[in-house]
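S.K.: Here it is: the structure, laid out below.
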Amino acid sequence: MSSLKMPAGGKLDQCCFVCKDDGDNLHRCDFRNCTKAYHLRCLENKHDSFSSHSEQLICDWHICFNCRQSSHFQCLCCPKSVCHDCLGKVGFVELRMQQKGFCTSCLSKAILNS
């Protein structure tokens, strides 16, 4: 797992993508130029949601939450994501012409807050 450091060509998030809190001990996702950061305690709470390969942290933004294959559409508010095959089978609202959207849980929260 890598400690907090700037990815090549990107700006690292300054708060945990799970709990939205900042603080010490943030670790970034090691997938390409992912800018998402996480607390170790949040990773432990969601141990089945993260894949650790030889000390590398690959967050769920890159793994379909339904079939565990590579994802293509990421939720803007949480680490959930889906692949092309699962997009129409699970609760996920895609934003037009983007590879982002909202899982049903985050969409419900966004509607309640508006």
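S.K.: Compute the distance in nm between two label points, each set 7 Å from the Cα along the Cα-to-Cβ direction, one at Q99 and one at Q14.
M.R.: 2.7
S.K.: Here's something else I'd like to know. So how exposed is L87, as accessible area in Å² (1.4 Å probe, rounded to 10)?
M.R.: 40
S.K.: Once the other residues with Cβ under 12 Å from the Cβ of F102 are scored (Lys, Arg +1; Asp, Glu -1), what is the net sum?
M.R.: On the way: positive: K80, K100, K109; negative: E94.
Every neighbour counted, the sum reads +2.
S.K.: In nm, give the distance between the simple-model label positions of D85 and T35, each being 7 Å from the Cα along the Cα-to-Cβ direction.
M.R.: It is 3.1 nm.
S.K.: On a full-extension model of 0.36 nm per residue, what is the gain between E44 and N25, subtracting their alpha-carbon distance, rounded to one decimal in nm?
M.R.: Details: separation 19, 0.36 × 19 = 6.84 nm, distance 1.32 nm.
Answer, rounded to one decimal: 5.5 nm.
The values are calculated or read from the model by the stated rules, or taken from the named source; none is laboratory data. Quick caveat, the model's predicted, so the values are computed rather than measured. Cβ atoms come from the backbone with ideal geometry, glycine included; neighbour counts cover every protein chain shown. Side chains are part of the model used for accessible areas, which takes the heavy atoms of the whole protein and leaves out ligands, DNA and RNA. Shrake-Rupley method; radii C 1.70, N 1.55, O 1.52, S 1.80 Å.
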